[in-house]
Amino acid sequence: MKLVVTVLLAAALMGCAHIDVIHDKSTTLERSAVLGIIQSIAIMPIQEDTGIPGLSSRMETELAKSLQTQFPSTELLDAQTVSSRFASADLITMYGQWRAGYEFTGIVDPRTFQSISNAIAAKYVMVVHPPQLSREKLRANDAGYAGLMGDSNEVWRTDLEFAAELIDASSRSIAWKGSGHAEYIRSPGKDSDSFLVVTNDRNPEIPEYLGRLVTAAAQGLAHQLGQAVDSTLTAADPPPPTPHEQAPSSYVSVTIPANSARATQSTIVIPTAPTAMTRCPALGVDLTKLTVTSLGGVDGLTGTMVLAVVPHSPAENADIRQGDILVRIGDAGINEPADVLDAVARIVPGSVTPVKLTRQARSFWVNVKF
C-alpha cells in the first residue's frame with residue numbers, strides 16, 4: 001500500500017513540472033522557379049502595430065540578423081537602410097502608395113515598383129506583412145501539462161505570426177512566400193517548498209517574453225527561405241552525365257601548367273582548334289569557348305574556360321584558377337565568353353556575386369567580390 005501511494009505521489013509531483021517552451025511553426029507556402037542564389041536582399045520597412053509600439057522595429061532588427069546568419073555571403077539591406085534610400089530619392093510617399101496597393105491586391109505594380117527597386121538596388125526585396133499576435137487559454141492536457149491542477153486558466157498559448165514574400169526585383173514576380181511563426185506555451189509553476197501548483201502564476205505580460213517570440217519567428221522564416229533556396233538550386237543542377245572511356249579523335253588532351261602559387265596543373269580535353277580569346281577585365285580573366293568531351297571522367301560539358309587569371313583580380317581573390325570552367329554567374333548560365341561579359345556588366349561594383357565553377361570534374365560555388 002505504501003509503495004502504491006509513493007508511486008502515485010511521485011507521479012503527481014512530476015506532473016506539476018513547469019512548461020515554458022517556444023515552438024517554431026514557420027513554413028514555406030510557395031516557391032517559384034525564379035528563386036535562385038540570393039546575391040542581395042532588401043527588407044522593406046514593416047508597418048507599425050499601434051497596439052504594441054516597437055514590435056515592428058524589433059521584427060526588422062531580428063529579421064536582418066537571422067537572414068544575415070542564414071546567408072552570410074549575401075549583401076543585406078536592413079529596413080533602416082532602405083528607408084534612408086527612400087528618403088534620399090524622395091520616394092517615401094510613392095512607397096507608401098505602392099505598399100498600400102500591394103497589401104490590398106497582392107499584385108506588384110510594375111510602374112511604381114521599378115522606381116522603388118532602382119533606389120534599393122537589390123536583387124530581391126522582402127515584404128513583411130503586419131504581425132498577428134494572439135493569446136488563448138488552453139486546457140492543461142492540450143498543452144501537455146498534467147498535474148495536481150488542470151485549471152485551464154493557468155495554461156496559455158501565445159502565437160506570433162507574420163507573412164512575407166520575396167520579390168525578384170528584375171522580373172517583378174514573387175520568388176518565395178512563407179511565414180515566420182512562433183508559438184509560446186506556458187503552464188503553472190510550482191512552489192519549491194510545498195510542491196504545490198502556484199495558482200496565481202499567470203501568463204506573463206507580453207513585453208516580458210515578446211523578444212523571444214520575435215527572435216524565434218525571424219529565425220524560423222530565415223531557415224525556411226534557406227531551405228527553399230537550397231531545394232531550388234539542387235533541382236536546377238542536372239545529374240552528372242554518364243562517363244565514357246575515350247575522347248573522339250577531334251579532341252586532344254593537354255596539360256595546363258601552373259602560372260601562380262594558386263594555380264595547379266590539370267589535364268583536360270579541349271578542341272584541337274580553340275576559339276579566340278576574350279578578356280573580361282572586371283573579373284580579371286582571359287576566356288575561351290570550350291566544348292569538353294572528357295574532363296576527369298565527366299563528358300558532354302560545354303562552357304567557357306579560364307585561360308589566364310590576372311594577379312590580385314577579383315577572380316584570383318576568389319580562387320578562380322587557370323583551367324576552370326565557368327558554369328554560372330549568379331543566376332545567369334554561362335555558355336560562351338559573351339555570357340560572362342553580359343553577366344558581369346549587370347553586377348554592381350563592390351557587391352559579392354556567387355560564381356559556379358567546374359574543376360577536375362567537381363562543380364562548386366565561389367563568392368567573387370567585384
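The values are calculated or read from the model by the stated rules, or taken from the named source; none is laboratory data. Please read these numbers as outputs of a predicted model, since none were measured by experiment. For neighbour counting, all protein chains shown are included, and Cβ atoms are generated from backbone atoms with ideal geometry for every residue, glycine included.
For every residue, the table says whether it meets (1) touching a Phe, Trp or Tyr at 6+ places or on another chain (Cβ under 6 Å); (2) at pLDDT 85 or above; (3) under 13 Å from Ala218 (Cα atoms).
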| residue | (1), (2), (3) |
| --- | --- |
| Val5 | no, no, no |
| Ala12 | no, no, no |
| Asp24 | no, yes, yes |
| Pro45 | no, yes, no |
| Ser56 | no, yes, yes |
| Pro72 | no, yes, no |
| Thr81 | no, yes, no |
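One residue stands out in segment 299-325 among those that are without any contact (Cβ under 8 Å) to a residue 40 or more places away in the chain and hydrophobic (A, V, I, L, M, F, W, C): the one that is surrounded by the fewest Cβ atoms within 10 Å (Cβ to Cβ), namely Val310. The residues on offer are Glu136, Glu48, Glu60, and the sole one that is part of a strand (DSSP E or B) and closer than 30 Å to Trp156 by Cβ is Glu136.
What is the number of the single condition among (1) exposed (fewer than 14 other Cβ atoms within 10 Å of the Cβ); (2) touching a His at 6+ places or on another chain (Cβ under 8 Å) that Thr93 does not meet? Result: Thr93 fails condition (2) only. Taken as a whole, the structure places Leu29 among residues that are surrounded by fewer than 16 Cβ atoms within 10 Å (Cβ to Cβ), in a strand (DSSP E or B) and modelled with pLDDT of 90 or more.
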